[in-house]
Amino acid sequence: MSNVTRKHTALPKAQILIEALPWLTRHNGKTVVVKFGGNAMIDEELKAAFAQDIVFLHHAGLKPVVVHGGGPQISAALDRHGIVSEFKAGLRVTTEDAMDVVRMVLAGQVQRELVGLLNQHGPLAVGMTGEDAHTITATKHQPEIDGELVDIGRVGEITDIDTGAIEALLSDGRIPVVSSIARSQDDGHVYNVNADTAAAALAAALGAETLMVLTDVEGLYEDWPNSDEVISRLTASELEKLLPELASGMVPKMEGCLHAVRNGVTTARVIDGRVQHSILLEIFTDEGIGTMVVPDDEETGDAA
C-alpha cells in the first residue's frame, strides 16, 4: 500500500474526529448523568459498548455519572426466591422481603457488573447507592389509584439529594455508579426508588449539562401507534402537554426529563439504548438520535 493510499483511507477517521471537536469543546468539564437501563443492561455487546462510551466521555473531558435500576434482574431474583412480583400504578410493590432482594440485586449484582466493565479500562468506577453519604433521601410513596392512596411497600419518593460524595468522586477523576436505592427520611428503612426519577433528581442537584436516559425505543414518537416519526426536539411546555397521552413506561422517563430541564439541566435526552454507541452518537455528532428536551426559553437553537 503506497503512502498516498494509506493517507486516503485514514482521512474519514480524521473527519469523524474533527466533527466531534465543537462538541468536545462545548462539553469539556461538564457533568453528564446517564441512566443505564433497558436492553443495554441485558445484551452483552451493548453492555460492553455502553462501558466504552462512558469511559470515552471521561477521557474526552466530561464528567459522567451513571445511575441504574434493574427491573428484569430484580424480577428474576424475586422469582428465584419465590416472591411474587406485583405492580400497582406502574410501580413494583416492594415488601420487606422483596426490598432485601432489590437491594442485593442492585448493589450486589447489577452495579458490580457495571463497575467491573468500566474498570477494565482503568481505575475509574466507584459503585455506591443512594444510601451512601445521604446521597438520596426518600419518604414512603403512596400512589393514588381511583382516588384512593395505595400502599405499595418500600417504594420511595425522593425528598432530598446530597451530591457531596458524587462531587468528591468526580473531582478525584472517578466515575460514580449509583444504584437507585434511597435512605429513609423518617423511619430507618431503605427505599426502592425509580431509577429514571433518581437520575433526573441527581442531574438537577449536580447542575449537570445533560441528562441522558437509555430506553428501548427510538425516542418519543410523534403520533404512536399511527406513526413512528420520532420528535427530535421539544420544549419543556410542549412535553408537559404530551405527558397525559404517553405509554406508562415512558412517563417516569419523560417526567424525569421535564424535571431536569425545569431545574437547571441544559438538555435532557431519551436515546435508543439498542443502538451500539448511541451515547457517543448523541453527544458528539451532528446527527443526534432520540428525543431532546430543552428549557422553554430556548425557542431556537441548533441541533446540539
**Study point:** Hey, S180 surrounded by fewer than 24 Cβ atoms within 10 Å (Cβ to Cβ) and modelled with pLDDT of 95 or more or not
**Key:** no
Point to revise | So A48, is it part of a helix (DSSP H, G or I) and in contact with a Phe, Trp or Tyr (Cβ under 6 Å, 6 or more places away or on another chain) | key: no
Review point. Within the range 205-214, is there a residue that is farther than 23 Å from S180 by Cα and in contact with a strand residue (DSSP E or B) (Cβ under 9 Å, 6 or more places away or on another chain)?
Key: no
Review point. Among the strands (runs of 3 or more DSSP E) contained in the range 76-195, which hold 2 or more residues that are over 16 Å from V65 (Cα atoms)?
Key: 136-140, 156-161, 181-184, 190-192
Revision key, fill the gap. Within the range 81-114, restricting to residues that are under 16 Å from V150 (Cβ atoms) and not small (G, A, S), the one that is surrounded by the fewest Cβ atoms within 10 Å (Cβ to Cβ) is F87
Review point. How many residues, within the range 10-38, are in a helix (DSSP H, G or I) and either in contact with a helix residue (DSSP H, G or I) (Cβ under 6 Å, 6 or more places away or on another chain) or among the small types (G, A, S) (or both)?
Key: 4
Point to revise | strands (runs of 3 or more DSSP E) (entirely within the range 208-299) containing at least 2 residues that are touching a Gly at 6+ places or on another chain (Cβ under 6 Å) | key: 210-215, 267-272
Check your understanding: Based on what the data block shows, is L214 under 28 Å from N28 (Cα atoms) and within 11 Å of the chain's Cα centre (by Cα)?
Key -> yes
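Conditions (1) under 19 Å from M41 (Cα atoms); (2) open to solvent by less than 40 Å² (accessible area, probe 1.4 Å), marked per residue:
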site: L234; (1), (2): no, yes
site: L242; (1), (2): no, no
site: E245; (1), (2): no, no
site: M254; (1), (2): no, yes
site: R269; (1), (2): yes, yes
site: F284; (1), (2): no, yes
site: T291; (1), (2): no, yes
Review point. Which of the following residues is open to solvent by 30 Å² or more (accessible area, probe 1.4 Å) and either without any contact (Cβ under 8 Å) to a residue 60 or more places away in the chain or within 17 Å of the chain's Cα centre (by Cα) (or both): N192, N263?
Key: N263
Review point. Which residues, taken from the range 37-53, are touching a Leu at 6+ places or on another chain (Cβ under 6 Å) and open to solvent by less than 10 Å² (accessible area, probe 1.4 Å)?
Key: G37, A40, A51, D53
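The values are calculated or read from the model by the stated rules, or taken from the named source; none is laboratory data. No experiment lies behind these values; they were computed from the predicted model shown. Note: ideal-geometry Cβ built from the backbone for every residue, glycine included; neighbour counts use all protein chains shown. These accessible areas exclude ligands, DNA and RNA; they are computed on the full protein's heavy atoms, side chains included. Shrake-Rupley method; radii C 1.70, N 1.55, O 1.52, S 1.80 Å.
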